[in-house]
1. Being under 18 Å from R250 (Cβ atoms) and either over 15 Å from the mean Cα position of the chain (by Cα) or open to solvent by less than 10 Å² (accessible area, probe 1.4 Å) (or both) is the filter here, so list the residues in region 210-219 that pass it.
2. For region 220-244, which residues satisfy the criterion of being in a helix (DSSP H, G or I) and either surrounded by fewer than 19 Cβ atoms within 10 Å (Cβ to Cβ) or under 14 Å from the mean Cα position of the chain (by Cα) (or both)?
3. State all residues of region 85-113 that are of a type in the set (A, V, I, L, M), modelled with pLDDT of 90 or more and either open to solvent by 60 Å² or more (accessible area, probe 1.4 Å) or within 17 Å of the chain's Cα centre (by Cα) (or both); if no residue qualifies, say none.
4. When only residues in region 141-150 that are within 16 Å of T52 (Cβ to Cβ) and touching a helix residue (DSSP H, G or I) at 6+ places or on another chain (Cβ under 8 Å) count, which is surrounded by the most Cβ atoms within 10 Å (Cβ to Cβ)?
5. Given the conditions (1) out of contact with any strand residue (DSSP E or B) (no Cβ under 7 Å at 6 or more places or on another chain); (2) closer than 23 Å to T103 by Cβ; (3) open to solvent by less than 70 Å² (accessible area, probe 1.4 Å), which single one is not true for R138?
6. Please pick out the residue among Y202, Y194, Y164 that is of a type outside the set (D, E, K, R), open to solvent by 20 Å² or more (accessible area, probe 1.4 Å), over 21 Å from C101 (Cα atoms) and out of contact with any helix residue (DSSP H, G or I) (no Cβ under 7 Å at 6 or more places or on another chain).
7. Taking A116 as the residue in question, decide whether it is in a helix (DSSP H, G or I) and either surrounded by 19 or more Cβ atoms within 10 Å (Cβ to Cβ) or of a type in the set (D, E) (or both).
8. Looking for whichever is of a type in the set (D, E, K, R), surrounded by 15 or more Cβ atoms within 10 Å (Cβ to Cβ) and over 17 Å from the mean Cα position of the chain (by Cα) here; the options are K130, K82. Which one fits?
Amino acid sequence: MALQDVCKWQAPEVQGLSPRLSLAGGWVVPRGCDPQSFLRTHGPRLAHGTTTLAFRFRHGVIAAADTRSSCSNYVACPASLKVIPVHQHLLGTTSGTSADCVTWYRVLQRELRLRALREGQLPSVAGAAKLLSTMMSRYRGLDLCVATALCGWDRSGPALFYVYSDGTRLQGDIFSVGSGSPYAYGVLDRGYRYDMTTQEAYALARCAVAHATHRDAYSGGSVDLFHVRETGWEYVSRNDAWVLYSELQRLPEPEKQEEKAAGQAHPEPAPPPRAGDGGQLSAGLAPGDSGLPAETETL
């Protein structure tokens, strides 16, 4: 005999409970108030900041992010994880409200697991991105703040999608999200190539996040680096952002290297002869004998 039968205890009615999130119209607000207007007027105003990036290249997808979690001028956690694994071949960067990002990634993990059990295989990266955007679009206007880059590898190869909480879904090769994204885009646009080697991709991602943390007050801490391969995602490293930036400052400037290389490949022509030179052409100055500085591996 069960203990509840001995104590004559009856469980409360649970038919109305559901493990799913409540519908958009089910949020509790004062009677007679529109949820969207109420949240815009009385909702908290919090300044969010982060730097996350992801790009697709020949050997997979790279995802990198800083580790500083902040709320206005308060640093809540200097070592948070902003790249969340979804399953073995899919992970995503998180930008926005930390609680919203974690909650929706848990919902996405559950839904993908249920689909895998029903269909016998995991959905594609495009399918996961569409599912997430469709679920979040129902909560548009309720101050939900989630901006993510889904990085994965499926039957079609490496794939990258950007998903926002209003239902926006974009496919591309490079995405950077957060308050430090303009600085990260400046580095990525200059150094990105689809046919990069793995080490070049690692160096580019670290460089972009390190420069963004130096310029953006809401980004900082360390730089997390992930690599999604055909065999699954891999956690590559975590490096201190300030140490990375200091080491990058000691490297030779790329502009000077390019100018030196261009001078050696295309030497300046000899100047025209001048009067009084005895009809002899003045020899042009040959480029210096010293070669380019040895290529330094970027951390």
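The values are calculated or read from the model by the stated rules, or taken from the named source; none is laboratory data. Note that the structure is predicted; figures quoted are calculated from it, not measured. Note that each Cβ is placed from the backbone with ideal geometry, even for glycine, and that neighbours are counted across all protein chains shown. Each accessible area value is taken on the protein alone, full model and side chains, heavy atoms only, with ligands, DNA and RNA left out. Shrake-Rupley method; radii C 1.70, N 1.55, O 1.52, S 1.80 Å.
1. Of everything in region 210-219, those that are under 18 Å from R250 (Cβ atoms) and either over 15 Å from the mean Cα position of the chain (by Cα) or open to solvent by less than 10 Å² (accessible area, probe 1.4 Å) (or both) turn out to be A210, H214.
2. So in region 220-244, the residues in a helix (DSSP H, G or I) come out as 241-244.
Listed by number, the residues that qualify are W242, V243.
3. V86, L90, L91
4. Residues of region 141-150 within 16 Å of T52 (Cβ to Cβ): 145-150.
From what's left, touching a helix residue (DSSP H, G or I) at 6+ places or on another chain (Cβ under 8 Å): 145-146, 148, 150.
Working: C145: 16, V146: 23, T148: 31, L150: 27.
Once the filter is applied, the top-ranked residue is T148.
5. (3)
6. Y194
7. Working: in a helix (DSSP H, G or I): yes; either surrounded by 19 or more Cβ atoms within 10 Å (Cβ to Cβ) or of a type in the set (D, E) (or both): no.
Criteria not met by A116.
8. Step by step, each of K130, K82 is checked, and only K130 is of a type in the set (D, E, K, R), surrounded by 15 or more Cβ atoms within 10 Å (Cβ to Cβ) and over 17 Å from the mean Cα position of the chain (by Cα).
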